[in-house]
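Everything on this sheet refers to the single structure shown next.
None of the figures in this text is laboratory data; all of them are computed from the coordinates on show. Keep in mind that this is a model prediction, so the values were computed, not measured. Neighbour counts are summed over all protein chains in view; Cβ atoms, including those assigned to glycine, are modelled from backbone coordinates with ideal geometry.
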Amino acid sequence: MELGAAHPVRAVLANPVALAGAVGLATAPLGLGRRWWAIEPRTRACLLGVVAALSWLWQLARFGLLQW
């Protein structure tokens, strides 16, 4: 919604993982995606799990549900 309202900075702050995913999708056809697939499958799964957990914590903090 923020990006559609022409607020790109607020859109990134709302969901930084979406920006990382967009950059990854944009650079994958350039051959940079080969590095991702070269990583061992178990390591890839762990990395995705960590990113998902951090994204979840970010959203909890952003909405004030996580008190530091």
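Applying 1/(1 + (r/R0)^6) with r as the Cβ-Cβ distance of Q67 and L13 and R0 = 22 angstrom yields a FRET efficiency of 0.70.
Checking [x] 0.95; [y] 1.06; [z] 0.99 against Rg/Rh (Cα atoms, Kirkwood Rh) calculated from these atoms, the matching label is [y].
Principal-axis analysis of the Cα atoms of the chain puts helix 16-27 at an angle of about 30° to the longest axis. Only Lys, Arg, Asp and Glu carry charge here, each on its Cβ (+1 for the first two, -1 for the last two); on that basis the chain has a dipole of about 160 debye about its Cα centre. The fewest-to-most ranking of V9, V51 by surrounding Cβ atoms within 10 Å reads V9, V51. Principal-axis analysis of the Cα atoms of the chain puts helix 41-62 at an angle of about 10° to the longest axis. When the charge dipole of the chain is built from unit charges on Cβ atoms (+1 for Lys and Arg, -1 for Asp and Glu) and taken about the Cα centre, the candidate among W56, A5, G24 whose Cα reaches farthest toward its positive end is G24. From its DSSP helices (H runs of at least four residues, each -39,500 (n - 2.57)), the chain gives a residue-normalised ellipticity at 222 nm of -21500 deg cm²/dmol. Computed from the C-beta positions of W56 and L30 and an R0 of 25 Å, the FRET efficiency is 0.25 to the nearest 0.05.
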